[in-house]
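Written out below as structure tokens is the structure these notes cover.
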Amino acid sequence: MTSSDHEPATPPPPAPGPDTAPAAGPETAPVPGPETAAPPAPGTALPPAPDPAPGLEAAPASSAGPAALELRGLWKKFGAKVAVAGIDLTVPAGSFYGLVGPNGAGKTTSLSMATGLLRPDFGEVRVLGHDLWADPVRGKSLLGILPDGVRLFDRLTGEQLVMYAGLLHGLERETVAARTADLLAALDLTGDARTLVVEYSAGMTKKIALACAIVHAPRVLVLDEPFEAVDPVSAANIREILTSYVASGGTVIVSSHVMDLVQRMCDHVAVIANGHVLAAGTVDEVRAGASLEDRFVQLVGGRSTGEGLEWLHTSSR
């Protein structure tokens, strides 16, 4: 998609949904900055900001080119709740980057702000050097997005939905048709190409949404829980697709709760909790000789025992 195809104020999302509102353009809503927004006022209850583990600060952008994604001082509040409290993160171009954290850590909110789905209260997002909120059309054209809980036009067939997503990105109809056939085959959806998406299972819906996210061959893929509800065979196919994509120079950022999957699949990882980045770097640096799951528990804390549930033991009857 180019700026000549659509008005900059209303860029369409890669995976369309009936209730998805396009980000406001820079002429209708100024880019958040010191003159238009500020972090929460003094006295606001904020989550504690722990010191990052030594040597695990976000890596700087490569001197060979801009980072795939840079988040600088991102803040977001929902009422009195501070969801994201000044996150800084740099994702190197060409990396397979995992984002992990407990429920309510701020992962989805951070990814939504990083992809233009949610305007930050304060901070800056750059996609391959382009300011996302100053030029959302250009920034979003570089991204492929699979949001968590994405809403789709589910009264279209799977084939029609992927075609529609490709056409929204300004691709030629013949190109979109060929890519749609390739994606449906790779994701084992050819047999259901003409089935309405509303009739898809949860795993099939996840796969067709992924196809919509990558049909325009973006340079950066941002995937929130892409393997949730997906069967093991399809998950293996998706991992192969994503690994090949990274090997060709693309960048994948994936949010997941499955530590073993992130440890095996990703080369970089960031741990987020309470709206802060606790650690970021290569997987080996972050796990520091332990398993990623053990290191995660150590950083995040909050582990509880089953004490008090003796009544659940069958031997107590």
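Can you list the equivalent-ellipsoid semi-axes of the stretch 65-194, largest first and in whole Å, using the square root of 5 times each Cα gyration tensor eigenvalue? Numbers along the way, then the final one.
On the way: eigenvalues 191, 63, 40 Å².
They are 31, 18, 14 Å, listed largest first.
Which loop-located GluC sites (Glu not before Pro) does the stretch 121-175 contain, where loop means any DSSP state but H, G, I, E or B and the Cβ has at most 13 other Cβ atoms within 10 Å?
Here the sparse-neighbourhood loop sites are GLU172.
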- trypsin sites (Lys or Arg not before Pro) restricted to the stretch 132-164 and DSSP loop, no more than 12 other C-beta within 10 Å: ARG155
- Any lysines with Cα under 30 Å of the LYS81 Cα? List them, leaving off those in the same chain fewer than 8 positions away. LYS107, LYS140, LYS206
- Query: Stretched out fully, how many nm does the piece from PHE153 to LEU196 gain, at 0.36 nm a residue minus the Cα gap?
  - Reply: 14.5 nm
- Could you please rank ARG287, ARG173, placing first whichever residue has the fewest other Cβ atoms within 10 Å of its Cβ? ARG173, ARG287
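Taking square-rooted eigenvalues a ≥ b ≥ c of the alpha carbon gyration tensor, is the stretch 188-317 rounded, prolate or oblate, where a/c under 1.5 means rounded and, failing that, a/b exceeding b/c means prolate?
Values: a/c = 2.63, a/b = 1.33, b/c = 1.98.
Oblate shape, in that a/c is at least 1.5 and b/c is the bigger or equal ratio.
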- Message: Whole-Hz ³J(HN,Hα) for each residue in the stretch 242-258, computed from phi via Karplus 6.51 cos²θ - 1.76 cosθ + 1.60 with θ = phi - 60°, x for glycine and proline: what do you get?
- Response: 5, 5, 5, 4, 5, 4, 8, x, x, 10, 10, 10, 10, 9, 7, 9, 8
- Message: What are the ³J(HN,Hα) couplings of the stretch 180-188, residue after residue, when phi is run through the Karplus curve with 6.51, -1.76, 1.60 and θ = phi - 60°? Round to Hz, x for glycine and proline.
- Response: 4, 4, 4, 5, 4, 5, 5, 9, 6
- Message: Can you compute the FRET efficiency between HIS257 and ALA177 using 1/(1 + (r/R0)^6), with r the Cβ-Cβ distance and R0 = 30 Å? Round to the nearest 0.05.
- Response: 0.25
- Please work out the Cα convex hull volume for the stretch 226-302 and give it in Å³ per residue. 105
- Query: Taking θ as phi - 60°, what are the ³J(HN,Hα) couplings along the stretch 101-110 by the Karplus curve (6.51, -1.76, 1.60), each to the nearest whole Hz, with x for Gly and Pro?
  - Reply: x, x, 4, x, 6, x, 5, 5, 4, 5
- Return the distance in nm (one decimal) between the two label points of a simple spin-label model at ASP131 and LYS81, each offset 7 Å from Cα along Cα→Cβ. 3.1
- Percent breakdown of C-alpha pair distances by 10 Å bin, ordered from the shortest bin, for the stretch 149-217: 24, 60, 16, 0
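Taken together, the values in this text are just the output of simple stated rules run on the coordinates, not laboratory data. Just so it is clear, the model here is predicted, and its values are computed rather than measured. Ideal geometry is used to build each Cβ from the backbone, glycine not excepted, and the neighbour counts take in all protein chains shown.
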